Amino acid sequence: MYLKQIELAGFKTFAKKTTLSFLPPKKDHFPLTAIVGPNGSGKSNLSDAIRWTLGEQSLKLLRGKDTTDVIFSGAQGKSRSGFAEVTMTFDNADGIFPLEASEVAVTRRLYRDGESDYLVCGRKTRLADIQLMLAEAGVGQRSYSVIGQGMIDQVLTSTPEERKTFFDDATGVRPLQIKRHQAMLKLRRAYENLAETELVLTEIEPRLRLLSRQAKRLEERTAVELTLKERQTKYYQSLWFKLADELAGVQKNYDEADTHARQARKEMEKLDERVSFMEEAERARGTQDTERSELHKRLRAAEETRRTLRDEEFRVQKEIELVRVRAQDHWSPLPIGEIVAELEDLVVEQGKSLKSLKSLKSLADLKSFLPDVEKLFTRAKSLAHKLKRPEAKDVKADPKLEADLMGIRAKLEDLDKAVNQLDQAIENHSKAQSDKRTNLFTIERKLREEQRALYAIEEIGNTLRIELARLEERRENLHRDIDHALKEEAEILRKNRPKEIEKLSPAQTEAHRQEIEKLKYKLDLIGGIDPEIVAEYQETKTRHTFLEAQATDLRTAMKDAERLIDELDLRIHKQSEKAFRTINKEFQKYFKVLFGGGSCSLVKMTQEETDAAVHDEESAHEGDVSETLATADPDALSELKKRVKERKDRVVGIEIQATPPGKKLKALNLLSGGERSLASIALLAAIMATNPAPFVVLDEVDAALDEANTVRFASILGELRKNTQYIVITHNRATMEKADVLYGVTMNDDGVSQLLSIKMEELGENGTARR
């Protein structure tokens, strides 16, 4: 691989499109290209263009203050350019670049608005990808491939830490260092992301546990509600249709009794009409029995009064029954809080009683203790009564109603006696007058019998009416309970009578009711839960599962990155150690060639040996990571510090020791300018001999050398160009004489640099170009 061509357009003083072509390598060496020209003509702009294209970001190294300073700014009679573009074309016949192309063109373009592009073979590419590709080929903007003007001794004056980066390129481990750097960035990002993920997990886990418990309770509540609904449906279905059957049976009996009562009344009306007719006939004949008429009048008045009292008795008895039904249907057990409070109070009182019982000294004192025991027994019995569903007969009605009913029944008993006495009086009177009015007395007797039969029927009817009222009240209450329990399904239950209804005994009905109450109490213990809790729980659980998976992936990625770093560290160590020893040996060789003797050496320095308390990039980033994770899990932070520390380069700097012949000094700052240039050239030659780069640009590195050392320098270039393509910007004749191609850079009054080229083989013996 070699640099085949450079094209510039709008870059600094090269306003016009300018092309530099380089000769292909020969059998035993690469052609040496020398760029010459007067000061200020723009020679060094060519080295800046190469460095800029290779991805240099430092404006100081590009000799500018602003990004757009690399764009031609205009001159007298020449407008400024809108963009700068430089393309370096490499021959890739040997396949150094991992591209299926015989030529690889790397382009960098910058517009005045700040927009920039990197291109490889005309395709836009990331700078990081270009840098990795060039590093793998041994080319880099910060390596020894481009030695700018005044930078030849920079490697000597730089700090040991800065010098290490230079030697990474020199030992050929720069591509591995880039990969290691990228792996370390991935490792750090993985740790940072893991810390953030674990922080979020720590935040949402308590909420997830709470939601999980609530969701579980909601599931339990749903199951209890389903069971409750099944039990309620079965329970109320049995009660409803059983009550409907009872109501239908009582209604049927009442209807029959009412029919009999109407028939009896009609018969009585007929008999009464006949009696009235016969009595009217007697009055007309003047044979009316006044005593009998008076007895019948009193009997009718008593019957009317008795009917009125019976109606009043029915009303009061109905009211009493309804009160009992309502009390039974509306009964509910005591709230759990009251039950617990009452039981706790009983336990306290029992404790006091037990203590008093233990303190008794004689049986005589036992009598004084009995009232307390009876009081506790009464309270316990009262509590048990409150907890048990009362029977209808046990429900006490309003005392006033009870008193009214007793008064009415007492009056009815008196009236019954009076009626019986009147019946007997009429019967006795009829017997005495039977020979005279036999027919009339027979009809009257039959009328009284019908009256007694009607009274009995009405008694039955009133009892059935009371039962109907009681059942209707129960039905209304049950209707309300079903609506409250089953809501919209209540009407469906009442309308759809199943073919077979399970007939529950009173004990079974009570067992079902108690089970329903237990299920309701269980629901009260579970409490009300918002159905949206399930959606929030699912969302939180999904997020938690996702974050856990992310944390697992991050831990796996961290292990992979650590394994890759360890592998790269091993390769870097082996390769750099071998190359470093060779460079050290070659450095001593070329140092003696240039100085005619003396000694020199390269020494690796550890962190403890460096005087400057300057952290390298990884240490600085570790500080960022520590700051990022300061609020995270301390264990994760300490683990991160431990792993980062384990993977830091032990060698953090390179120290150079040089002693020219006849001197005892070793400190580089005591060397003269020429001595520093010679030492730098010796080091550069050692590096090139050990790990030759595809091409090297030297910008006036021989400026500080005298004529004798310039000849030595040119001789070294002649030796090193066997493996490397050199582009040298120089003013020295000895260097020019070694060149195969000369490019001359000139500048006219318009401030635009121009190129002239000549091949040295085309010059004649007198120094003129062959025609």
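The values are calculated or read from the model by the stated rules, or taken from the named source; none is laboratory data. As the structure is a computational prediction, the values presented were derived from the model and not from experiment. All Cβ positions, glycine included, derive from the backbone under ideal geometry; neighbour counts span all protein chains shown. Surface areas here come from the heavy atoms of the whole protein model, side chains and all, with no ligands, DNA or RNA. Shrake-Rupley method; radii C 1.70, N 1.55, O 1.52, S 1.80 Å.
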Got a sec? Which of 300, 326 is among the basic types (Lys, Arg) and either modelled with pLDDT under 65 or surrounded by 15 or more Cβ atoms within 10 Å (Cβ to Cβ) (or both)? 326
Scanning region 181-215 residue by residue, the ones that are within 30 Å of residue 566 (Cα to Cα) and either of a type in the set (Val, Ile, Thr) or touching a Pro at 6+ places or on another chain (Cβ under 6 Å) (or both) total 1
Given the conditions (1) touching a helix residue (DSSP H, G or I) at 6+ places or on another chain (Cβ under 6 Å); (2) open to solvent by less than 60 Å² (accessible area, probe 1.4 Å); (3) farther than 24 Å from residue 223 by Cβ, report the number of the one that residue 474 does not fulfil. (2)
Kindly establish whether residue 697 is touching a strand residue (DSSP E or B) at 6+ places or on another chain (Cβ under 7 Å), in contact (Cβ under 8 Å) with a residue 60 or more places away in the chain, in a strand (DSSP E or B) and buried (at least 18 other Cβ atoms within 10 Å of the Cβ). yes
Out of all the residues in region 95-107, is one or more assigned to a helix (DSSP H, G or I) and either aromatic (Phe, Trp, Tyr) or open to solvent by less than 10 Å² (accessible area, probe 1.4 Å) (or both)? no
Looking at the structure I just gave you, is residue 383 surrounded by 13 or more Cβ atoms within 10 Å (Cβ to Cβ), modelled with pLDDT of 70 or more and in contact with a Leu (Cβ under 9 Å, 6 or more places away or on another chain)? no
As an exercise: evaluate residue 44 against (1) surrounded by 18 or more Cβ atoms within 10 Å (Cβ to Cβ); (2) assigned to a strand (DSSP E or B) and give the number of the one condition it does not meet. (2)
Residue check for residue 510: within 30 Å of residue 223 (Cα to Cα) and part of a helix (DSSP H, G or I): yes
Cβ contacts < 7 Å: first residue under 20 Å from residue 499 (Cβ atoms) and in contact (Cβ under 8 Å) with a residue 12 or more places away in the chain, restricted to region 239-268; second residue assigned to a helix (DSSP H, G or I) and open to solvent by 50 Å² or more (accessible area, probe 1.4 Å), any location; separation 6+ or different chain. Result? 243/474; 243/475
(1) without any contact (Cβ under 8 Å) to a residue 24 or more places away in the chain; (2) farther than 23 Å from residue 236 by Cβ: which one isn't true of residue 534, the others all being true? (1)
Say we look at region 529-579 and pick out the residues that are open to solvent by less than 90 Å² (accessible area, probe 1.4 Å) and not in a helix (DSSP H, G or I); which of these is modelled with the lowest pLDDT? 529
Among the residues in region 757-769, are any open to solvent by less than 80 Å² (accessible area, probe 1.4 Å), more than 29 Å from residue 91 (Cβ to Cβ) and either in contact with an Asp or Glu (Cβ under 9 Å, 6 or more places away or on another chain) or modelled with pLDDT of 90 or more (or both)? no
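Rundown of residues vs (1) more than 24 Å from residue 703 (Cβ to Cβ); (2) of a type in the set (Val, Ile, Thr); (3) at pLDDT below 65, yes/no style:
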| site | (1), (2), (3) |
| --- | --- |
| 585 | yes, no, no |
| 591 | no, no, no |
| 632 | yes, no, yes |
| 641 | yes, no, yes |
| 669 | no, no, no |
| 676 | no, no, no |
Tally of residues being under 22 Å from residue 692 (Cα atoms) and in a helix (DSSP H, G or I) across region 113-140: 7
Being among the aromatic types (Phe, Trp, Tyr), open to solvent by 10 Å² or more (accessible area, probe 1.4 Å) and touching a residue at least 60 places away in the same chain (Cβ under 8 Å) narrows it down to one of 30, 11, 72, 90, so name that one. 30
How many residues are over 19 Å from the mean Cα position of the chain (by Cα) and open to solvent by 70 Å² or more (accessible area, probe 1.4 Å) when one looks only at region 183-212? 2
Does region 716-738 include one or more residues that are without any contact (Cβ under 8 Å) to a residue 40 or more places away in the chain, surrounded by 15 or more Cβ atoms within 10 Å (Cβ to Cβ) and more than 30 Å from residue 599 (Cα to Cα)? no
Restricting attention to region 115-130, does a residue exist that is closer than 30 Å to residue 702 by Cα, more than 38 Å from the chain's Cα centre (by Cα) and polar (S, T, N, Q)? no
